[in-house]
Amino acid sequence: MTWPAYADSRLSPRGYSPSTADKAFKAAQQARAIKELWLLITAIVGFLFVVRVLRFVLSLLFRRSISTFEATNRIETSEKVSPEAVIPGKTGKASWRQVPAALASGFRIIAFRIQVPLGVGSVSFTELFFIFGYIATMLSLTLTNTENLQYWFFEDRAAHLASCQLPLIVALAGKNNIISWITGIGHEKLNVLHRAAARTCLLLLWVHALSRSISGLSDKFDFSHAWMRWGATGLIAFTLATVLSVRFIRNAFFELFLLAHIFLVGVFIISGYLHARAVDFGDYFWPALVVWAFDRVLRAGRLVWNNRGKGGVEHEHGSAVVELVSSDTIRLTMRRRMNWRAGQHAYVILPTVSEMPTEAHPFTIASIPKALDGTDGQSEKDVVFLVRGRGGFTGRLLEYASRNGICRVPAFVDGPYGCPPDLTSFSTCILLAGGSGVSYTLPLLLDIVHNARAGTSTVRRVIFVWAVRESDHLGWISKTLSEALAAAQSTKLAIEPTIYVTSPSSTIPEIPRTLSRSSDGASTPSEVGEVDKELPVYSALRIINGRPSIRRILQEGVNGSAGPVSVDGECLLREEIRR
């Protein structure tokens, strides 16, 4: 077998004879690359922590400025702000003071809202920047200072860089990880970086394996040794796990993906440890197992704590009430002694419904842990989930609810998780959702009402928009929405709820109006006719047949005010908001 000239110096079978100086240089460069990688990771995490602190400080300053304005411009307690009122500090005219906020808003739109299609899905510019930036950084650390890409210098460095980041990869996949605690970024968002880091790790491991194999394996490194066979086994397992994690495969066969992912990653870590231990580098792998075990222990502890009390179907602490609220939606209600923030999610385990008794499925909590009157409420809370029945677990749950009606099932909840936004420092909040996405925006509305009653919020106007397909979906939240609107009556908070029913064939129910506003703002009784739906008794509620014009809603909502747009629901609605 003859090799090309360039291969004689780069990939020929052990054709390179390193000197003692080369060996020392190689070891030094490997150590330096690992050090630079972790310094870079530490710097990024530190930067995100500083950003989090600055945002917190700025929110406090903004809240204080609003409070100062209200103290000097006192109005009557019973007076409510009309939707057309100008927000404090806003004159309706352009001002240089608005430039920083406009630049920040433009940056958020470009960085987080504009999506880049990738064939199997789409990602934001920020996600794309981190993904390609991470890959470019790892390749740069691997291939620089390699004497014109001489394989001998980078074949082992690639393995070192891949293996040293395993604790980071496992941490980014965990529900409980220190990175989320430091940066305030939820684990579900960090999962993007988990996938990017894992795929980069796989790329480097293949660089290590191929450069070793193509350049020829000496007797000391051939597959007659068990530790080499363990290395090949781990690489195959890692490759299969990565292939199964491709988005369209993961979405189509999620339960299969989950089980296979856990098994294959376990095989990879154990095999990798047995492979690296033979050359005294097993310390790269066991920290990843420690990080994984730490997450599992915390989850187990939280599971026990959240579901403490007498268990079983006959007791509230170990069960959930299953209720079919529409033809395709189930309401799960659990009575638990736990706390969470509006917009967070939790993992639900229903052993008698799932194919496997340990299956845990994430759903947004559609309730809040505090009372609408501004108090903390009872120690035991109603943890409510709205579950749309589709395929897999949710399909089985829908079938179970349809067959059994309102019933109790053994249930456990693990959570809460996620880092939802703090809306208390804004003047106007626009909450938009489509379909089951209301399980995210409804608790945000409830929390705003609670804070308004408690006097801990500067929010004065809420535009609540919900788009549903059929009119019978109104029953999902009608009682809760009615209670929230009634509780807000005694505050300065103005709520503008609008529900869009998109199906042309749906009948729009009549809104009961037992309370109407007189000229002096007092409530007077009025006649009520019988209706099919239990709708909020509130004159501001509008139910419209058609699709919402997101552009018009946003334009009218932000005119003379500033506030966040919280979105969850159908993809079409999210895309319209981004545009």
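Of the residues in the stretch 213-221, at least one is farther than 30 Å from Thr126 by Cα and of a type in the set (Asp, Glu). Of the residues making up the stretch 357-378, those that are over 26 Å from Ala488 (Cβ atoms), of a type outside the set (Phe, Trp, Tyr) and in contact (Cβ under 8 Å) with a residue 12 or more places away in the chain are Glu359, Ala360, His361, Pro362. Applying a threshold of 8 Å to beta carbon distances and a minimum spacing of six or more residues, or different chains, the list of pairs starting in the stretch 30-58 at a residue that is under 18 Å from Ile185 (Cβ atoms) and among the aromatic types (Phe, Trp, Tyr) and ending at one that is at pLDDT 85 or above and open to solvent by less than 90 Å² (accessible area, probe 1.4 Å) reads Phe49/Ile182. Just to be sure I understand, how many residues within the stretch 380-395 are open to solvent by 20 Å² or more (accessible area, probe 1.4 Å) and within 11 Å of Ser326 (Cβ to Cβ)? Number satisfying all stated conditions: 1.
Within the stretch 396-421, which residues are open to solvent by less than 20 Å² (accessible area, probe 1.4 Å) and over 30 Å from Ile553 (Cα atoms)? Result: Leu397, Ala401, Val409, Ala411, Val413, Asp414, Gly415, Tyr417. Arg14 passes every criterion in (1) modelled with pLDDT of 85 or more; (2) on the phi > 0 side of the Ramachandran plot apart from (1).
Could you run through the stretch 347-367 and say how many residues are open to solvent by less than 70 Å² (accessible area, probe 1.4 Å) and either more than 18 Å from the chain's Cα centre (by Cα) or small (Gly, Ala, Ser) (or both)? Give the steps one after another, and end with the answer.
Start the filter on the stretch 347-367 by keeping residues that are open to solvent by less than 70 Å² (accessible area, probe 1.4 Å), which leaves 347-351, 353-354, 359-367.
Checking which are either more than 18 Å from the chain's Cα centre (by Cα) or small (Gly, Ala, Ser) (or both) leaves us with 349-351, 353-354, 359-360, 366-367.
Counting residues in the stretch 347-367 that are open to solvent by less than 70 Å² (accessible area, probe 1.4 Å) and either more than 18 Å from the chain's Cα centre (by Cα) or small (Gly, Ala, Ser) (or both) gives 9.
A quick yes/no check of all residues on (1) part of a helix (DSSP H, G or I); (2) closer than 20 Å to Tyr417 by Cβ:
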{"residue": "Asp156", "(1), (2)": "yes, no"}
{"residue": "Pro167", "(1), (2)": "yes, no"}
{"residue": "Glu188", "(1), (2)": "yes, yes"}
{"residue": "Cys201", "(1), (2)": "yes, no"}
{"residue": "Ser224", "(1), (2)": "no, no"}
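Scan the stretch 167-224 residue by residue and report those that are in contact with a Gly (Cβ under 7 Å, 6 or more places away or on another chain) and of a type outside the set (Ser, Thr, Tyr).
If the condition is that a residue be in contact with a Gly (Cβ under 7 Å, 6 or more places away or on another chain) and of a type outside the set (Ser, Thr, Tyr), then Gly186, His187, Glu188 are the ones that fit.
Hey, among Thr456, Thr441, Thr424, Thr480, which residue is open to solvent by less than 10 Å² (accessible area, probe 1.4 Å) and either touching a strand residue (DSSP E or B) at 6+ places or on another chain (Cβ under 9 Å) or at pLDDT below 85 (or both)? Give the derivation first.
Working: Thr456 fails: open to solvent by less than 10 Å² (accessible area, probe 1.4 Å); Thr424 fails: open to solvent by less than 10 Å² (accessible area, probe 1.4 Å); Thr480 fails: open to solvent by less than 10 Å² (accessible area, probe 1.4 Å).
Result: Thr441 is the single residue among Thr456, Thr441, Thr424, Thr480 that is open to solvent by less than 10 Å² (accessible area, probe 1.4 Å) and either touching a strand residue (DSSP E or B) at 6+ places or on another chain (Cβ under 9 Å) or at pLDDT below 85 (or both).
Taking Ser271 as the residue in question, decide whether it is closer than 19 Å to Arg390 by Cβ and either among the small types (Gly, Ala, Ser) or assigned to a loop (DSSP other than H, G, I, E, B) (or both).
Working: closer than 19 Å to Arg390 by Cβ: no; either among the small types (Gly, Ala, Ser) or assigned to a loop (DSSP other than H, G, I, E, B) (or both): yes.
Spelling it out, it is not the case that Ser271 is closer than 19 Å to Arg390 by Cβ and either among the small types (Gly, Ala, Ser) or assigned to a loop (DSSP other than H, G, I, E, B) (or both).
Looking only at residues of the stretch 145-154 that are in a helix (DSSP H, G or I) and open to solvent by 20 Å² or more (accessible area, probe 1.4 Å), we find that the one that is nearest to Phe285 (Cα to Cα) is Phe154. Considering the stretch 243-268, and only residues there that are open to solvent by less than 50 Å² (accessible area, probe 1.4 Å) and assigned to a loop (DSSP other than H, G, I, E, B), the residue that is nearest to Gly174 (Cα to Cα) turns out to be Ser245. The set of residues in the stretch 483-497 that are buried (at least 20 other Cβ atoms within 10 Å of the Cβ) and of a type in the set (S, T, N, Q) contains only Thr491. The residue of the stretch 116-135 that is modelled with the highest pLDDT, among those that are hydrophobic (A, V, I, L, M, F, W, C) and open to solvent by 60 Å² or more (accessible area, probe 1.4 Å), is Phe132. For the stretch 275-307, a residue qualifies if it is open to solvent by less than 40 Å² (accessible area, probe 1.4 Å), touching a residue at least 40 places away in the same chain (Cβ under 8 Å) and assigned to a helix (DSSP H, G or I), and the qualifying residues are Ala276, Pro287, Ala288, Asp295, Arg299, Asn306.
Scanning the stretch 468-505 for residues that are assigned to a loop (DSSP other than H, G, I, E, B), small (Gly, Ala, Ser) and touching a residue at least 24 places away in the same chain (Cβ under 8 Å) returns a single hit, Ser503.
Applying the criterion of being open to solvent by 20 Å² or more (accessible area, probe 1.4 Å) and hydroxyl-bearing (Ser, Thr, Tyr) to the residues of the stretch 194-241, the residue that is nearest to the chain's Cα centre (by Cα) is Thr239.
If I filter the stretch 345-353 for residues that are of a type in the set (Val, Ile, Thr), in a loop (DSSP other than H, G, I, E, B) and closer than 20 Å to Leu481 by Cβ, do I get at least one hit?
To start, the set of residues in the stretch 345-353 that are of a type in the set (Val, Ile, Thr) comprises 348-349, 352-353.
From the residues that got through so far, the ones that are in a loop (DSSP other than H, G, I, E, B) too are 352-353.
Applying the additional criterion that residues be closer than 20 Å to Leu481 by Cβ yields none.
Scanning the stretch 345-353, I find no residue that is of a type in the set (Val, Ile, Thr), in a loop (DSSP other than H, G, I, E, B) and closer than 20 Å to Leu481 by Cβ, so the answer is no.
The values are calculated or read from the model by the stated rules, or taken from the named source; none is laboratory data. Quick caveat, the model's predicted, so the values are computed rather than measured. Here the Cβ is made from the backbone with ideal geometry for all residues, glycine too, and neighbour counts use every protein chain on show. Protein only, heavy atoms only, side chains kept; ligands, DNA and RNA dropped before computing areas. Shrake-Rupley method; radii C 1.70, N 1.55, O 1.52, S 1.80 Å.
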